[in-house]
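What follows is a short report on a single structure.
The values are calculated or read from the model by the stated rules, or taken from the named source; none is laboratory data. Quick caveat: nothing in here was measured; it's all calculated off a predicted structure. Virtual Cβ from ideal backbone geometry, glycine too; neighbours counted across all protein chains shown. The protein model used for the area step is the full one, side chains on, heavy atoms only, and it has no ligands, DNA or RNA in it. Shrake-Rupley method; radii C 1.70, N 1.55, O 1.52, S 1.80 Å.
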Amino acid sequence: MIKKWVFAAWLIGMLLVSLPASAQIEITDQAGRTVRLAQPAQRIFFSEPGDFTVMAMLEENPARRIVAWNRWRLDKHTLDHWRSIDPVAFDKINQMVIDGPQNLNAEMLIANQPDLVVLDHFFGNAKQTIARLEQAGIPVAVLNLEADLRERNATEGLEKMAILIGREQRGREVADFIVRHVQRITQRVTKLKEQQVALPTVLMEPHAGTGPCCMSVGSGVLMGDLIVMAGGRLLGSEIVEGLSAQLSAEYVIASDPEVYIGTGGRHIEARGGLLLGPDVDPVASRASLQRVIQRVGIAQTDAVRNHRTYGIWHSGYPIVNLELIATWLHPELFSDVDPAATLAEINQRFMAKPLTGTFWITPNPTQKAH
């Protein structure tokens, strides 16, 4: 009898060893590091403000999984919107304001008792902080959750995050939606370039209207690279280093861009900038666009003369922004692309609670703003 019990115990042990550890979750993050969790993360710190939006696509109530969050660039209206999903859960989040990896304090994070710290690539440079967190037994994942449409695997960060919270299928659904919409644009632009069609020159001004004409985004910056992906030539890309730089009014006039696109948000409203974002009235937004394009430099360009001036929310969904830019640059080629319908589908299929407001604007009141 004893031998039978010994054999039974041995057999059970072998079966347990041979079965996969279903409770354990493991990924390789975007820095090539192995991240293991005993169970789906429930107490998460996010370094990137926009990660809340991605979580709202993966979860019906994203606030319940977030113990602390770096929300430093978000305006009050966006914060109020996310809070309205579940005020009780949202108010329990430690709302941090951290402007860079040099100010990411390990002890401050440890005090929140997270079971996962998610850092975007910018904050992923805080090597000493990461080492201290891992010494304390806190897993750290370096992931860019927002889809980088320029990359072959644009939704990698989003999909890996979905695995870490036990929502892998949902992550695949969101990823498939994004990839399908990106390909619709890029495949046509590829054919356009093969035909050697002249591409329109575009001035994209970040945080438009907060100073004299005109700032320009640099090459390698996502918002500026969307111009290239949509079939345009980014003005100033050959001379602007870094995220952005000032172009002289004389340079802009001489270059004479065919299209102007300014990025805006509520964060620059007080400085007279381009007004876009949650709870913004389209009439006020269009009026702000008119002020922006009347500045010396941009006012003397073909873009203004031909009414090809547009505004886009700086924090908008990248795939919607890509579709908007494509339809503005090549209206005939993308006549069947409806960014408003894409936004509506995102809201209906994925968002815990859709944002409402004005997220893009055109110079013509007969053209619909959203």
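With the requirement that a residue be surrounded by fewer than 15 Cβ atoms within 10 Å (Cβ to Cβ) and either over 27 Å from Gly171 (Cα atoms) or more than 19 Å from the chain's Cα centre (by Cα) (or both), what does the range 104-124 give you?
Result: Asn105, Glu107, Ala111, Gln113.
So, Pro331, is that one under 25 Å from Ile85 (Cβ atoms) and without any contact (Cβ under 8 Å) to a residue 40 or more places away in the chain or not? Explain how you work it out, then say what you get.
Working: under 25 Å from Ile85 (Cβ atoms): no; without any contact (Cβ under 8 Å) to a residue 40 or more places away in the chain: yes.
Criteria not met by Pro331.
Right, Glu151: without any contact (Cβ under 8 Å) to a residue 24 or more places away in the chain, open to solvent by 40 Å² or more (accessible area, probe 1.4 Å) and in a helix (DSSP H, G or I) or not?
So Glu151 fails the test.
Can you go through Val337, Val320 and tell me which one is of a type in the set (Val, Ile, Thr), in contact with a helix residue (DSSP H, G or I) (Cβ under 6 Å, 6 or more places away or on another chain) and either at pLDDT below 95 or in a loop (DSSP other than H, G, I, E, B) (or both)?
Val337 is the lone residue from the list that is of a type in the set (Val, Ile, Thr), in contact with a helix residue (DSSP H, G or I) (Cβ under 6 Å, 6 or more places away or on another chain) and either at pLDDT below 95 or in a loop (DSSP other than H, G, I, E, B) (or both).
For His207, all conditions in the list (1) outside any strand (DSSP E or B); (2) closer than 17 Å to Leu235 by Cα; (3) free of Cβ contacts under 8 Å to residues at least 40 places away in the same chain hold save one; what is the number of the exception?
Only one criterion is unmet by His207, namely (3).
Find the residue count for the range 72-103, including only residues that are open to solvent by 60 Å² or more (accessible area, probe 1.4 Å), among the β-branched types (Val, Ile, Thr) and assigned to a helix (DSSP H, G or I).
1
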